[in-house]
There are 2 protein chains.
Amino acid sequence: MTEGKPDWYPMWEEIGIDIQKHDQLLAVLPTIYKEIYIDPQKNRPKAMSFWDFVVGDIHGIRISELKEAKDQGKKIVGTFCLYVPDEILFALDCIGIGLCGGTNFSNYASDELLPANTCALIKSALGFGIGNICPYFAMADLLIGETTCDGKKKAWEVLEKYKPMYVMETPQCKTREQARELFIAELKALIIRLEELTNKKLTAEKLKASMEKIAKKHELMAKVYELRKNDPVPISGKDALLMSQVAFYDDPDREIQMISKLVDELEQRVKEGVGVAKKGSKRIIVSGTPMAVPNWKIHHLVEREDVVIVGEETCTGTRYFQSRFDKIEGNTIDKLVEIIADRYLGINCACFTPNDARLEDIKQLVKTYNADGVILYTLSFCQPYEFEAINYRKELKELGIPVINITTDYSSEDNSQLKTRIDAFLEMLK
Amino acid sequence: MTEGKPDWYPMWEEIGIDIQKHDQLLAVLPTIYKEIYIDPQKNRPKAMSFWDFVVGDIHGIRISELKEAKDQGKKIVGTFCLYVPDEILFALDCIGIGLCGGTNFSNYASDELLPANTCALIKSALGFGIGNICPYFAMADLLIGETTCDGKKKAWEVLEKYKPMYVMETPQCKTREQARELFIAELKALIIRLEELTNKKLTAEKLKASMEKIAKKHELMAKVYELRKNDPVPISGKDALLMSQVAFYDDPDREIQMISKLVDELEQRVKEGVGVAKKGSKRIIVSGTPMAVPNWKIHHLVEREDVVIVGEETCTGTRYFQSRFDKIEGNTIDKLVEIIADRYLGINCACFTPNDARLEDIKQLVKTYNADGVILYTLSFCQPYEFEAINYRKELKELGIPVINITTDYSSEDNSQLKTRIDAFLEMLK
């Protein structure tokens, strides 16, 4: 993986990476990327070369950027959930980095510290951090957790022994006024914590500018999704997913630039009727738990010559960008924080009760993306999404929408079993 | 089970019980009670005959009382967690009934509706309700859930299809002022919901009287626990556990009367040096998830001629009564609700983060009860307690306190394996 790239070893050593283990990881990643990600795809948008570059140098250039930013006094803040507001982080000159893990490579470092019945994402993320094999984790000055699920809520108590940690309470019954008040108070407490970290004072101007930037990024991501409504679809599910995955840790300005280019190319493709699969291919919506890099398991099992994933109702999909500011009308921090709170409380995650709006979101996606079927995807031991998957399956079936529930983890042990089930499901759609 | 008891069948039929299934349950319960509960015990306090009677007629006389109360206009409110405040329920002439399930007998009715990775308590409780085999459930006019764990939070979305359901949000980071404010707002919202249900208006006088009554019950339960500090211990862990289990659904006035009698008898025993096990027996603290009737699994495996459980740091143990009102100084509903909130926020459940105070509680119990070892007991798939058990095990070991972690469910399949582990642990204490 070193052809043409700088020698990053001195940097990795300086930040305390376990070089031997990290080498093992870097040794397998290109093979996985080639076999699972690249080879099965045809006719990808040219603009995706940026994301290929990002994956190809995943622990290199971005880390060197973060290091430079740190040297200039910026703070790196690691997060594990989209409810930790980038708007506030970036307004205080922090750089927010999503630290969710997408491979079980790192589990060896967290296995003894966590219950066996912990979801793959938490095991992976903690393993990367505690095992010192994730340079992003190593760069972080502060980690910010939240209380969106039992597993993460209690995982912070493990993680805080290794890194400075702050927990933001996210409410449980989000439609109530008192929950909104709690969330606003928590956002304000977070601002205070970040002001302490950065030794800076938040201003309404900086917050508003940050909100506008993040909104711009989300708007562009939504445009990519909009373009997936076309048939033939101009971009694969895999490529759209990778765009989202990288958006969690790349520089927002560069993301805006690169996603703009991608949007331009996809618009051109649509005009010309160019797609990644032939017109009339079967169109699938995946809905459920997030898929962190390099988790492309379901997309790899589903997408094929005549089957494409056209939308993801996940944290690494529509939930990341769908709830946006209508308008940013406010010139005080108090007012802007309220607007931020309302944006986040507009996201329909299974961590809330009730969460009927998520089912409406899925139905809406099926309709507007003209989907042929839905895969309800859940990481094992993620109780909130497991419960909703059981319920939603029934509801979607009653509406005559083909649906399959898949509960899995990051291992490849169930691949052949999953392939059989998915093949049967797709066959049924024909 | 019908000798000398009224014929309850007409009542059960009237409230919609599945008589056939219910008969199967009643057919096995006396055998379980005799073999697991009664036969292994020696020299029990005479006052326990009340609790034997309660178990012997578990779905009979208390149900007939509830029915009579309903006929007089009272409302029956089912709960699943000690955070739903009895003080408020009883002040509004509701009768609070704990509906947690303690046997997997009922799982057949909930299995298809819940993820496989759901804890035994939730599976059991929902099964009893949905399968119409629990008369308490059938009597309930309203169920009140809370957001203490992911499993229950999402289970309410299943349950609400069968029964009127209200969910009270419990905060996640309880030591923060905004969490306290949320909880107070939620208690007030609960009052409004119960006022609607009962068509009554809460008064400060009634609330204060109710608080005093519940406090009295808790004070007496604490006295029973205090007496367990003696050696020989005057009451078995099983009997103390049963007292707690029944306190969740019996009439508080009768509980006060019966526990008073028990306290008197135990005090007499202590004076006379009478115990349920010989002086010098090994003394065990059990700490972890609640044990609902008829879950006596761990107590049955642990207690023997020279080993007694002297304290339970569980919801069916110290967490039920340990956090009490210092004094009830307030004459407005607002002030009284604050006092109630502070009492509940003083309970150290693993649903909160951080929850270091629970470890302090356990250490304190070990010290004051002169315990020889700790069993960290967790129901499988209960992530909050699983996480804490892993962490606490390390902490207790470092202090030189013998400790064993047991993760299990309601089945008897792992009994012999657990027995081997527990025997080895107890052997080590000698």
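The values are calculated or read from the model by the stated rules, or taken from the named source; none is laboratory data. Every value quoted in this text rests on a predicted model; they were computed, and no experiment measured them. Positions of Cβ are generated from backbone atoms using ideal geometry, with glycine treated the same way; all protein chains shown enter the neighbour counts. When the accessible area is computed, the model is the full protein with side chains, heavy atoms only, and any ligands, DNA or RNA have been set aside. Shrake-Rupley method; radii C 1.70, N 1.55, O 1.52, S 1.80 Å.
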Discussion item. Among the numbered criteria (1) surrounded by fewer than 23 Cβ atoms within 10 Å (Cβ to Cβ); (2) more than 10 Å from chain A (Cβ to nearest Cβ), which one does B:ILE144 miss?
Written reply: (1)
Fill in: Test: A:ALA109 is aliphatic (A, V, I, L, M), open to solvent by 10 Å² or more (accessible area, probe 1.4 Å) and not assigned by TED's automatic domain parsing to the domain that holds A:ILE298
yes
Worksheet entry | Meets criteria (in contact (Cβ under 8 Å) with a residue 40 or more places away in the chain, within 14 Å of another protein chain (Cβ to nearest Cβ) and either touching a Ser or Thr at 6+ places or on another chain (Cβ under 8 Å) or of a type outside the set (S, T, N, Q) (or both)) for B:LYS161 | no
Practice prompt. With respect to B:ALA189, determine if the residue is in contact with a Lys or Arg (Cβ under 8 Å, 6 or more places away or on another chain), farther than 26 Å from B:GLN257 by Cβ and assigned to a helix (DSSP H, G or I).
Written response: yes
Worksheet, complete the sentence: B:TRP156 fails exactly one of (1) free of Cβ contacts under 8 Å to residues at least 40 places away in the same chain; (2) in a loop (DSSP other than H, G, I, E, B); (3) among the aromatic types (Phe, Trp, Tyr), namely (2)
Worksheet item: Exactly one of (1) closer than 30 Å to B:MET165 by Cβ; (2) open to solvent by 10 Å² or more (accessible area, probe 1.4 Å) is unmet by A:ILE333. Its number?
Response: (1)
Practice prompt. Six or more apart or on different chains, Cβ under 8 Å: which pairs go from a residue in the range A:393-408 that's closer than 16 Å to A:ILE284 by Cβ and away from chain B (no Cβ under 14 Å) to one that's surrounded by 15 or more Cβ atoms within 10 Å (Cβ to Cβ) and of a type in the set (Phe, Trp, Tyr)? Could you list them?
Written response: A:PRO402/A:PHE425; A:VAL403/A:TYR392; A:ILE404/A:PHE425
Worksheet entry | Close pairs from the range A:346-357: first more than 8 Å from chain B (Cβ to nearest Cβ), partner open to solvent by 40 Å² or more (accessible area, probe 1.4 Å), Cβ under 7 Å, at least 6 apart | A:ASN348/A:ALA357
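If you take just the helices (runs of 4 or more DSSP H) that sit entirely in the range B:317-409, which of them hold at least 2 residues that are farther than 24 Å from B:TYR83 by Cβ?
Once the helices (runs of 4 or more DSSP H) in the range B:317-409 are filtered for at least 2 residues that are farther than 24 Å from B:TYR83 by Cβ, what remains is B:356-368, B:383-398.
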Discussion item. Take A:THR175 and tell me if it is surrounded by fewer than 23 Cβ atoms within 10 Å (Cβ to Cβ) and in contact (Cβ under 8 Å) with a residue 24 or more places away in the chain.
Written reply: yes
Discussion item. If I filter the range A:67-86 for residues that are part of a helix (DSSP H, G or I) and either free of Cβ contacts under 8 Å to residues at least 12 places away in the same chain or closer than 17 Å to A:ALA292 by Cα (or both), do I get at least one hit?
Written reply: yes
Worksheet item: Could we say that A:ALA209 is part of a helix (DSSP H, G or I), in contact (Cβ under 8 Å) with a residue 60 or more places away in the chain and open to solvent by 10 Å² or more (accessible area, probe 1.4 Å) here?
Response: yes
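Let me confirm something: among A:CYS100, A:CYS134, A:CYS94, A:CYS119, which residue is within 14 Å of chain B (Cβ to nearest Cβ) and either open to solvent by 10 Å² or more (accessible area, probe 1.4 Å) or in contact with an Asp or Glu (Cβ under 9 Å, 6 or more places away or on another chain) (or both)?
A:CYS119
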Fill in: the range A:21-74, residues that are over 18 Å from A:PHE105 (Cβ atoms), in contact with a helix residue (DSSP H, G or I) (Cβ under 8 Å, 6 or more places away or on another chain) and among the aromatic types (Phe, Trp, Tyr)
A:PHE50, A:TRP51
Discussion item. So if I check each of A:ILE309, A:ILE256, A:ILE285, which one is more than 18 Å from A:THR378 (Cα to Cα) and either open to solvent by 20 Å² or more (accessible area, probe 1.4 Å) or not in a helix (DSSP H, G or I) (or both)?
Written reply: A:ILE256
Practice prompt. Provide a single number: the residues in the range B:124-139 that are more than 16 Å from B:LEU25 (Cα to Cα) and either among the basic types (Lys, Arg) or in contact with a Ser or Thr (Cβ under 9 Å, 6 or more places away or on another chain) (or both).
Written response: 0
